[in-house]
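> Before I ask anything, here is the structure I am working with.
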There are 2 protein chains.
Amino acid sequence: MGRQGIRTLVVVGVGLIGGSFALALKRAGLVERVIGVDRSADNLRCAQELGVVDVACDALALAAAEADLVLLATPVGQMAACLSAMAPTLPPHALITDVGSTKGNVVRIMRETLPDRLARCVPAHPIAGSELSGAAAAQYGLYENRDVVLTPMAETDPSAVETLAALWRACGAHIAVLDPDEHDRVFAAVSHLPHLLAFSYVNLVADRDNAERCLDFASTGFRDFTRIAGSSPEMWRDVALANRPALLAALHDYRAELDRLIGEVEGEDGTALTNRFGRARQVRTAWYQKFLRK
Amino acid sequence: MGRQGIRTLVVVGVGLIGGSFALALKRAGLVERVIGVDRSADNLRCAQELGVVDVACDALALAAAEADLVLLATPVGQMAACLSAMAPTLPPHALITDVGSTKGNVVRIMRETLPDRLARCVPAHPIAGSELSGAAAAQYGLYENRDVVLTPMAETDPSAVETLAALWRACGAHIAVLDPDEHDRVFAAVSHLPHLLAFSYVNLVADRDNAERCLDFASTGFRDFTRIAGSSPEMWRDVALANRPALLAALHDYRAELDRLIGEVEGEDGTALTNRFGRARQVRTAWYQKFLRK
């Protein structure tokens, strides 16, 4: 292995996210061996057949004993149990990270399950995904030009952050470092809130007396506005509960914004509506120009 | 002209929508002459140079005197003045239609300005558009496979509806007929409400203390959810005011839906959240499969 490389990567939950990380590190020549652990024996066999993992293992403690780096890519509900099972056998130098879309809860779980190893814990959130899932969906290029946010704790050793950042950069990702709470506030606003608003909007249409006719006439605006309402209910329940304080603050802010808008429509205040819509258009258009150049 | 054709079409407001209707009828050989009227002399000259209109006219009364069909494609705020100016010279047989995205208000304007001609009035709403505008954006194929909703009044002569329907079908459109109020309720739900929700959401993000950081991390979910927040503020102010009752009902329903969701997040009711999100996903996924086959 080169200067930046590691010998053994343990991926717990070998799906699109964990599997693509393993593949990208293999292509970069930065990992010698990938051990996969997964609740689904079928998925794990598939991961091995596709070369996403080299070794399939159904015992977390056994895999942990070999680890230089552990990537937790399970649903958040299973994370505490996995870390508890791995804690006794993890070598002292092993680095522990995850891929969850909320970070305050991961910090809490790490503090509870690995209190003596926080220097080697680097919570992380790769901003990537697709509507596909499972090891069969893993791909080398998933992280090319995507952001990965690292949210180290006060206890995290800076060298652990640097090691993980170098591995993610080798996958093609851009690294950002945020405080875990700030991460959760940012993603409550730009990701979690719009998902919940889109789910709610589709439910509202579905509950109407004239729902069928409405859906008959729904077109491209509806299509794009509701795309994220096709996301996994279980995943978004977990996110909503895990990021509850920041999300509730954003939901209450949105309700206040909606009340102001309703007041202006009720009061037929055309000037206020034009200003409100005009500001949104200006911000969205400027954002999109920047996004396209990324 | 063939059985279905007309001699003179007068397009008031020669932009994307009105210009594309003129071009499509010309290609179908169903109109002999198109007279264009427009507040912008530059736009009208452009329409003439591009062959969208044959004759440019800056006097509504003069154009009206020649009309077999009048297509009103102005902003809704100018519609009453245009119809009043045309009323004295319109031939008795002339058919009058529009392209507005709200219909109850158009019915009211027609009743006020053309009380003796309601048999020949067919309010209409072609479900088409693009982010482009002006005569230069007019295109033959804009209405291919798109819906056009006709909303005749009680007084409208069925033969007038049939004549207009045949012309729109010749443009490639599919015809639906709705009661004007039902039209406004349907489009309040599937088009007007999501636009207002998207504008409000972008304003909420823009007002945050950490707005810049939020926009830095906004990605594809944000992009699609906010696409319609890039729409024209003036047009959407007009729509919000014109469709005020139906839109307010939808806004209040959405707020109630949001309150239920907030209650479930506050109460950490994971089962209720999973059901809520799951229902939305099921409805959205089924809708999208149908939409793709259209």
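> Determine whether the stretch B:213-235 contains at least one residue that is in contact with a Gly (Cβ under 8 Å, 6 or more places away or on another chain), of a type in the set (A, V, I, L, M), within 7 Å of chain A (Cβ to nearest Cβ) and surrounded by 21 or more Cβ atoms within 10 Å (Cβ to Cβ).
Yes, the stretch B:213-235 has at least one match.
> Output the residues belonging to the stretch A:106-134 that are under 13 Å from the mean Cα position of the chain (by Cα) and at pLDDT 95 or above.
A:Val106, A:Pro123, A:Ala124, A:His125, A:Pro126
> Can I ask one more? Return yes when B:Glu144 is exposed (fewer than 15 other Cβ atoms within 10 Å of the Cβ) and farther than 24 Å from A:Leu215 by Cβ and no when it is not.
On the way: exposed (fewer than 15 other Cβ atoms within 10 Å of the Cβ): yes; farther than 24 Å from A:Leu215 by Cβ: no.
Answer is no for this residue.
Conditions (1) within 30 Å of B:Asp181 (Cβ to Cβ); (2) of a type in the set (Ser, Thr, Tyr); (3) in contact with a helix residue (DSSP H, G or I) (Cβ under 6 Å, 6 or more places away or on another chain), marked per residue:
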residue: B:Val55; (1), (2), (3): no, no, no
residue: B:Leu60; (1), (2), (3): yes, no, yes
residue: B:Ala67; (1), (2), (3): yes, no, no
residue: B:Met79; (1), (2), (3): yes, no, yes
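> Is it the case that A:Val12 is in the same structural domain as A:Leu118 (by TED's automatic domain parsing), among the β-branched types (Val, Ile, Thr) and either in contact with a helix residue (DSSP H, G or I) (Cβ under 6 Å, 6 or more places away or on another chain) or open to solvent by less than 30 Å² (accessible area, probe 1.4 Å) (or both)?
Values: in the same structural domain as A:Leu118 (by TED's automatic domain parsing): yes; among the β-branched types (Val, Ile, Thr): yes; either in contact with a helix residue (DSSP H, G or I) (Cβ under 6 Å, 6 or more places away or on another chain) or open to solvent by less than 30 Å² (accessible area, probe 1.4 Å) (or both): yes.
The answer is yes for A:Val12.
> Within 14 Å of chain B (Cβ to nearest Cβ), at pLDDT 95 or above and closer than 26 Å to A:Gly29 by Cβ - does that describe any residue in the stretch A:190-201?
Our first condition is that a residue be within 14 Å of chain B (Cβ to nearest Cβ); within the stretch A:190-201, this holds for A:190-201.
With the extra rule that they be at pLDDT 95 or above, the set shrinks to A:190-201.
Among the residues that remain, those that are also closer than 26 Å to A:Gly29 by Cβ are: none.
No, the stretch A:190-201 contains no residue that is within 14 Å of chain B (Cβ to nearest Cβ), at pLDDT 95 or above and closer than 26 Å to A:Gly29 by Cβ.
> Go over the candidates A:Thr156, A:Thr163 one by one and state the one that is touching a residue at least 60 places away in the same chain (Cβ under 8 Å) and surrounded by fewer than 23 Cβ atoms within 10 Å (Cβ to Cβ). Break it down into steps so the answer makes sense when it comes.
Details: A:Thr156 fails: touching a residue at least 60 places away in the same chain (Cβ under 8 Å).
From the options A:Thr156, A:Thr163, the qualifying one is A:Thr163.
> Open to solvent by 40 Å² or more (accessible area, probe 1.4 Å) and without any contact (Cβ under 8 Å) to a residue 40 or more places away in the chain: which single residue out of B:Leu62, B:Leu90, B:Leu83 fits that description?
B:Leu62
> Next question. Please find, within the stretch B:95-105, the residue that is surrounded by the most Cβ atoms within 10 Å (Cβ to Cβ) out of those that are under 14 Å from the mean Cα position of the chain (by Cα) and not in a loop (DSSP other than H, G, I, E, B).
Step one: filter the stretch B:95-105 for residues under 14 Å from the mean Cα position of the chain (by Cα), giving B:97-105.
Filter once more, keeping what is not in a loop (DSSP other than H, G, I, E, B): B:97-98, B:104-105.
Numbers: B:Thr97: 24, B:Asp98: 28, B:Gly104: 21, B:Asn105: 21.
Among those residues, the one meeting the criterion is B:Asp98.
> Out of everything in the stretch A:132-152 that is touching a residue at least 60 places away in the same chain (Cβ under 8 Å) and hydrophobic (A, V, I, L, M, F, W, C), what residue ends up being nearest to A:Ala56 (Cα to Cα)? Don't jump to the end; show me each part of the working.
Residues of the stretch A:132-152 that are touching a residue at least 60 places away in the same chain (Cβ under 8 Å), as a first pass: A:132-143, A:145.
Keeping just the survivors that are hydrophobic (A, V, I, L, M, F, W, C) gives A:132, A:135-138, A:142.
Values: A:Leu132: 22, A:Ala135: 12, A:Ala136: 15, A:Ala137: 18, A:Ala138: 16, A:Leu142: 22 Å.
Top of the filtered list is A:Ala135.
> Then there is this: Is it true that some residue in the stretch B:189-207 is open to solvent by 10 Å² or more (accessible area, probe 1.4 Å), farther than 23 Å from A:Thr274 by Cβ and out of contact with any strand residue (DSSP E or B) (no Cβ under 8 Å at 6 or more places or on another chain)?
Checking the stretch B:189-207: not a single residue is open to solvent by 10 Å² or more (accessible area, probe 1.4 Å), farther than 23 Å from A:Thr274 by Cβ and out of contact with any strand residue (DSSP E or B) (no Cβ under 8 Å at 6 or more places or on another chain).
> Oh, and also: Could you grab me the full set of residues in the stretch B:226-261 that are more than 16 Å from the chain's Cα centre (by Cα) and of a type in the set (Val, Ile, Thr)?
Once the filter is applied, which keeps residues that are more than 16 Å from the chain's Cα centre (by Cα) and of a type in the set (Val, Ile, Thr), the stretch B:226-261 yields only B:Thr226.
> A further question on this structure: When you look at B:Leu83, is it assigned by TED's automatic domain parsing to the domain that holds B:Trp168, under 30 Å from B:His183 (Cα atoms) and within 20 Å of the chain's Cα centre (by Cα), yes or no?
Working: assigned by TED's automatic domain parsing to the domain that holds B:Trp168: yes; under 30 Å from B:His183 (Cα atoms): yes; within 20 Å of the chain's Cα centre (by Cα): yes.
So B:Leu83 fits the description; yes.
> Collect the residues in the stretch A:240-283 that are more than 7 Å from chain B (Cβ to nearest Cβ) and either touching a Ser or Thr at 6+ places or on another chain (Cβ under 6 Å) or not in a helix (DSSP H, G or I) (or both), keeping them in residue-number order.
Hits for the stretch A:240-283 are A:Ala242, A:Asn243, A:Gly267, A:Asp269.
> Every residue in the stretch B:179-188 that is open to solvent by 10 Å² or more (accessible area, probe 1.4 Å) and of a type outside the set (D, E, K, R), please.
B:Pro180
> Could you tell me whether the stretch A:238-255 includes any residue that is in contact (Cβ under 8 Å) with a residue 60 or more places away in the chain and of a type in the set (Val, Ile, Thr)?
Yes, because at least one residue in the stretch A:238-255 is in contact (Cβ under 8 Å) with a residue 60 or more places away in the chain and of a type in the set (Val, Ile, Thr).
> Continuing with this model, one more query. Any residue in the stretch A:34-41 that is in contact with a Gly (Cβ under 9 Å, 6 or more places away or on another chain), among the basic types (Lys, Arg) and not in a helix (DSSP H, G or I)?
Taking every residue of the stretch A:34-41 in turn, at least one turns out to be in contact with a Gly (Cβ under 9 Å, 6 or more places away or on another chain), among the basic types (Lys, Arg) and not in a helix (DSSP H, G or I).
> What are the pairs, 6+ residues apart or on separate chains, where a residue within the stretch B:34-45 that is open to solvent by less than 50 Å² (accessible area, probe 1.4 Å) has its Cβ under 6 Å from a residue that is in a strand (DSSP E or B)?
B:Val34/B:Leu9; B:Ile35/B:Val10; B:Ile35/B:Val55; B:Gly36/B:Val11; B:Gly36/B:Ala56; B:Val37/B:Val12; B:Leu44/B:Gly36; B:Leu44/B:Ala56
The values are calculated or read from the model by the stated rules, or taken from the named source; none is laboratory data. If you're wondering where the values come from, they're calculated on a predicted model, not measured in any experiment. Positions of Cβ are backbone-derived with ideal geometry, glycine not excepted, and every protein chain shown enters the neighbour counts. Surface accessibility is based on the protein's heavy atoms, side chains included, excluding ligands, DNA and RNA. Shrake-Rupley method; radii C 1.70, N 1.55, O 1.52, S 1.80 Å.
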